[in-house]
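Have a look at the structure below, then the notes.
Nothing in this text is a laboratory measurement; each read-out follows from the coordinates by a stated rule. All values derive from a computational prediction rather than experimental measurement. Every residue, glycine as well, gets a Cβ built from its backbone with ideal geometry; the counts of neighbours run over all protein chains shown.
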Amino acid sequence: MKLQLTVPAGSTSTGLLSFTGYGNGYVLVNGARHNSNLIVTPDHLLGWDVAGFDALTEAHFAQLAGFAPEVALLGTGTTQRFPHPRLVAPLARARIGLEVMDTHAACRTYNILFAESRRVLAALLIS
């Protein structure tokens, strides 16, 4: 599915990152295809070194907290799965909201929050 690129109101930068599409086993960020797990903020895109949902650890969520977003979106692949509360404790301690959803929903939600100029982070499990 292709998504409409939206730039937050008042932004003149075209270098900000948003999702422009997704499909089975991939997402598009500013038109570039990504087939592996990744972390996306409006100004950062990097690979996320996690083998999959069952391999998530507290350290993975501590890494997300290091970006200091207002809200973190966890895209758990093709189905919504909730991590154990002890794993997400670093986000709670940092007072960072966490929303868990399937990866495609996380892409759509990120774009909405991005368009509202919110400090959003998407941590996506692609497979």
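Our coupling estimate for segment 74-80, obtained by passing each phi through the Karplus curve with A = 6.51, B = -1.76, C = 1.60 and θ = phi - 60°, is 9, x, 9, x, 6, 10, 6 Hz, Gly and Pro reported as x. Extents of segment 57-117, taken as max minus min of Cα coordinates on every principal axis and listed largest first, are 27, 27, 13 Å. Here the chain is assigned +1 on the Cβ of each Lys and Arg and -1 on the Cβ of each Asp and Glu. Its dipole about the Cα centre then comes out at about 120 debye.
Once Rg and the Kirkwood radius are both taken over the C-alpha atoms of segment 19-124, their ratio Rg/Rh works out to 0.92.
Counting beta carbons within 10 Å around each of D49, D102 and listing the fewest first gives the order D49, D102.
Ratio of Rg to Rh for segment 83-127, alpha carbon only, Kirkwood? When Rh is taken as the Kirkwood radius, the ratio is 0.99.
Amide H contacts of T20 (H built 1.01 Å from N, in plane; Pro and chain starts excluded): L28, V29, N30, G31 sit under 5 Å, all sequence-distant by 5 or more or on other chains.
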